[in-house]
Amino acid sequence: MAAAGAKRGEPRRRVDGVLLLDKPRGITSHGAMRSAQRHYQAVKAGHTGTLDPLATGLLPVCFGEATKFSHVLLDAEKTYEACVQLGVTTNTGDLEGTVTARAPAAVTRRDVDAVLPRFMGEIMQVPPMHSAIKMRGQPLYRLARAGQVLPRTPRKIVVRELTLLSMTATELELRITCTKGTYVRVLAEEIGHELGCGACLSRLRRTAVGSYTLANGAVTLSQLEEVTLPQRDALLLPPDALVASLPRFDLDADQTRRIARGQAIEKVTALAEGLTRIYGPDQQFLGLAEVTATGCMVPRRLRSQVLAT
């Protein structure tokens, strides 16, 4: 019989690792993370990049020590498959909101091919009012619900890929790879504006975060519910999976002791300047260190087990 998630009041356990979760539509990222945390009975959990309730797809959930290194995926590029509804404008930029305008969508493939390149590369984007960005001490979406519209500072984003996968008379299907902080809802609105008919986001699925994709073994909450706790544990990636893109450096016993005490290691000339993942003599992942311009290695973020030694 499959093990159920932890009930309120049940003891939590220490879990260290990363779950590639395929978030369902209709719940927040925080809600999805909390559900996964209950399934794992984990003491500590966090996620790497918010998805709106409308959106589905890849949401890496970090448990325990892995939360210390989640910023690497938070800063990573994301890839989405987005459906853009032409001729419909809403107050939120997606079909979850109230329709504010409708217009005929007499758009051709040539029109779309002419407009999409305008949103490629480095562009400035104004965050939407319906977002979690805080102003005056409150999330913007709360102010928007109260009928307030505040001026927002444009942010620089980079769109690496903007590919038209298919189109109908009323809908575009796009693949988008972009940097942290990109609002695909806003991108959909702006594309609709340039096409002259208005548009909003009708569907969004995140397929990749950094080097991780749905095909890397992402699981749904329903699938988690159907398996036992040991089987769930087997689905977890180790904490250092989050930093696999960084260069690796193996320390000897003396260097490990120095790093654990917060001391720098001199003359590490084998590595380029910047962050590196470090391992002890037993191949244990210790955490992150930074190689300075002078060739010193300085500890930056270490696992609790290392700090306790």
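The values are calculated or read from the model by the stated rules, or taken from the named source; none is laboratory data. Here the structure is a predicted model, which means the values were calculated and not measured. Cβ coordinates were reconstructed from backbone atoms using ideal geometry, including for glycine residues, and neighbour counts include every protein chain displayed. Only protein heavy atoms, including side chains, enter the accessible area calculation; ligands, DNA and RNA are left aside. Shrake-Rupley method; radii C 1.70, N 1.55, O 1.52, S 1.80 Å.
Scan Val84, Val112 and give me the residue that is among the β-branched types (Val, Ile, Thr), in contact (Cβ under 8 Å) with a residue 40 or more places away in the chain, open to solvent by less than 60 Å² (accessible area, probe 1.4 Å) and closer than 20 Å to Thr56 by Cα.
When all the criteria are applied, what remains is Val84.
Could you grab the pairs with beta carbons closer than 9 Å, sequence gap of 6+ or different chains, first residue in region 27-45 and farther than 14 Å from Thr67 by Cα and in contact (Cβ under 8 Å) with a residue 24 or more places away in the chain, second one hydroxyl-bearing (Ser, Thr, Tyr) and assigned to a loop (DSSP other than H, G, I, E, B)?
Thr28/Thr50; Ser29/Thr50
Looking only at region 257-290, count how many residues are open to solvent by 20 Å² or more (accessible area, probe 1.4 Å) and touching a Phe, Trp or Tyr at 6+ places or on another chain (Cβ under 9 Å).
Residues flagged as open to solvent by 20 Å² or more (accessible area, probe 1.4 Å) and touching a Phe, Trp or Tyr at 6+ places or on another chain (Cβ under 9 Å) within region 257-290 amount to 3.
Specify the residue that is modelled with the lowest pLDDT; the eligible residues are those in region 89-98 that are in contact with a helix residue (DSSP H, G or I) (Cβ under 8 Å, 6 or more places away or on another chain) and part of a strand (DSSP E or B).
Only one residue tops the list, namely Asp94.
Going residue by residue through region 257-271, is there one that turns out to be modelled with pLDDT of 95 or more and charged (D, E, K, R)?
no
Output yes when any residue across region 174-189 is without any contact (Cβ under 8 Å) to a residue 60 or more places away in the chain and either closer than 22 Å to Thr28 by Cβ or in contact with a Phe, Trp or Tyr (Cβ under 7 Å, 6 or more places away or on another chain) (or both), and no when none is.
Yes: region 174-189 contains one or more residues that are without any contact (Cβ under 8 Å) to a residue 60 or more places away in the chain and either closer than 22 Å to Thr28 by Cβ or in contact with a Phe, Trp or Tyr (Cβ under 7 Å, 6 or more places away or on another chain) (or both).
Please name all residue pairs, on different chains or six or more residues apart, with Cβ atoms under 9 Å, provided the first residue is in region 119-132 and is among the hydroxyl-bearing types (Ser, Thr, Tyr) and the second residue is surrounded by 17 or more Cβ atoms within 10 Å (Cβ to Cβ) and part of a loop (DSSP other than H, G, I, E, B).
Ser131/Tyr183
Tell me which helices (runs of 4 or more DSSP H) are completely within region 119-238 and hold 1 or more residues being among the aliphatic types (A, V, I, L, M), open to solvent by less than 60 Å² (accessible area, probe 1.4 Å) and touching a Pro at 6+ places or on another chain (Cβ under 6 Å), or say none if there are none.
The qualifying helices (runs of 4 or more DSSP H) are 184-195.
Counting only residues that are open to solvent by 80 Å² or more (accessible area, probe 1.4 Å) and within 21 Å of Ala55 (Cα to Cα), which one in region 10-34 is nearest to the chain's Cα centre (by Cα)?
Across region 10-34, the extreme among qualifying residues is His30.
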